[in-house]
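J.: Structure incoming, see below.
The values are calculated or read from the model by the stated rules, or taken from the named source; none is laboratory data. In this text the structure is predicted, and so the values were computed from the model without any measurement. We place every Cβ from the backbone using ideal geometry, glycine too, and count neighbours over all the protein chains shown. To get the accessible areas, we keep the full protein, side chains included, count just its heavy atoms, and leave off ligands, DNA and RNA. Shrake-Rupley method; radii C 1.70, N 1.55, O 1.52, S 1.80 Å.
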Amino acid sequence: MFDLKGKALAVTGSASGIGAATVDYLRAHGAYVIGLDIRPSDNADEHIAIDLSSRKSIDEAVARLPEKIDGLANVAGLAPTVPAAQVIRVNLVGTMALTNALLPRLTYGSGIVNLSSIAAFHWQQSIDQIKEALDLSFGKIDAFVEKHRIDDQPGRSYFLTKEALLAWCIRQRRTWVDRGIRMNCVSPAAVSTPLLDAFAGVMGERTKKDSDIVERSGAPADIAPVIAFLLSGASAWIRGANIPADGGVAAHYLAQENGL
Ligand SMILES: NC(=O)c1ccc[n+]([C@@H]2O[C@H](COP(=O)([O-])OP(=O)(O)OC[C@H]3O[C@@H](n4cnc5c(N)ncnc54)[C@H](O)[C@@H]3O)[C@@H](O)[C@H]2O)c1
């Protein structure tokens with residue numbers, strides 16, 4: 001269905017959950033998949049260790065990646081069970097740093113896909129904080145967390161990073177149009193993975209509220225085909241977009257907020 005055969009595709013967060021399901025789906029459709037994760041894994045054609053919270057580790061991983069890549073899925077992410085600075089390093093600053101480092105290697109028509117979340121639904125309400133977050137480098141994260149007291153607001157680190165990924169994607173809508181490169185987002189609601197268990201520990205009521213809306217929890221296999229579509233030529237005219245893959249949770253919020 002999708003023209004994935006023979007494409008060399010890099011997937012972060014490849015060792016678990018949505019990333020692992022994405023690796024399986026892409027390989028089943030003929031892609032050559034390079035998995036990038038802090039944890040070891042043998043599910044991809046090639047595994048490259050990376051710690052997205054470390055500039056040095058990102059540079060080392062980039063040095064090991066092929067000269068030409070046909071797409072990148074930024075799936076790795078941390079739940080807000082660790083200090084805010086670490087969530088921001090991995091989910092946002094490290095993810096952007098890896099993407100920027102790989103841009104020169106992306107071939108014509110490549111897709112870049114970021115895993116955002118239903119958690120980013122109200123992103124416009126925090127636009128000033130988001131703009132500041134998009135300008136962060138590794139060295140500035142601690143001061144940013146302190147200034148905005150992010151650690152004092154349960155889950156805010158996670159929500160902020162997912163909001164910022166959406167905003168980044170919109171900002172980059174036409175940046176690489178001459179190279180046919182597109183950046184898009186996928187936003188799941190609750191998907192049964194280890195991250196969800198960790199998330200529920202911090203955000204219990206919020207996670208439960210979303211789960212009440214849908215008829216079943218999402219599975220990683222519900223998300224992988226959407227990522228694959230955005231990496232394929234079938235989505236060539238989709239750029240700067242966000243696709244909710246959430247059993248209707250985003251539509252439910254919209255319906256409630258607009259009296260539908
Ligand atoms: N599961 C959900 O309910 C849900 C909902 C919305 C969005 N998401 C997003 O989907 C993505 C995948 O989440 P998941 O649910 O599959 O989680 P998961 O915990 O199963 O997988 C996350 C992966 O990221 C890797 N990772 C963590 N820290 C890293 C680091 N420093 N460097 C490199 N890799 C690192 C982990 O080793 C793991 O393999 C995340 O970005 C998450 O925010 C998940």
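J.: Which numbered condition in (1) in a helix (DSSP H, G or I); (2) touching a Ser or Thr at 6+ places or on another chain (Cβ under 7 Å) is the only one that S187 fails?
T.: Among (1) in a helix (DSSP H, G or I); (2) touching a Ser or Thr at 6+ places or on another chain (Cβ under 7 Å), S187 violates only (1).
J.: Which residue, of G204, G240, G233, is on the phi > 0 side of the Ramachandran plot and either open to solvent by less than 40 Å² (accessible area, probe 1.4 Å) or within 12 Å of the ligand (Cβ to nearest atom) (or both)?
T.: Selected residue: G240, the only one of G204, G240, G233 that is on the phi > 0 side of the Ramachandran plot and either open to solvent by less than 40 Å² (accessible area, probe 1.4 Å) or within 12 Å of the ligand (Cβ to nearest atom) (or both).
J.: For region 13-25, indicate whether the set of residues that are assigned to a loop (DSSP other than H, G, I, E, B), surrounded by 23 or more Cβ atoms within 10 Å (Cβ to Cβ) and away from the ligand (no atom under 15 Å from the Cβ) is non-empty.
T.: No, region 13-25 has no match at all.
J.: Within region 176-197, restricting attention to residues that are crowded, with 16+ Cβ neighbours inside 10 Å and of a type in the set (G, A, S), which residue is nearest to the ligand (Cβ to nearest atom)?
T.: Checking each candidate, the answer is A190.
J.: Would you pick out the residues in region 160-175 that are open to solvent by less than 30 Å² (accessible area, probe 1.4 Å) and more than 12 Å from N114 (Cβ to Cβ)?
T.: If the condition is that a residue be open to solvent by less than 30 Å² (accessible area, probe 1.4 Å) and more than 12 Å from N114 (Cβ to Cβ), then L160 is the only one that fits.
J.: Report, ordered by the first and then the second residue, all pairs with beta carbons closer than 6 Å, sequence separation of six or more or different chains, a first member in region 191-210 that is among the acidic types (D, E) and at pLDDT below 75, and a second member that is more than 6 Å from the ligand (Cβ to nearest atom) and in a helix (DSSP H, G or I).
T.: Sorted first by the residue in region 191-210, then by its partner, the pairs are D210/V249.
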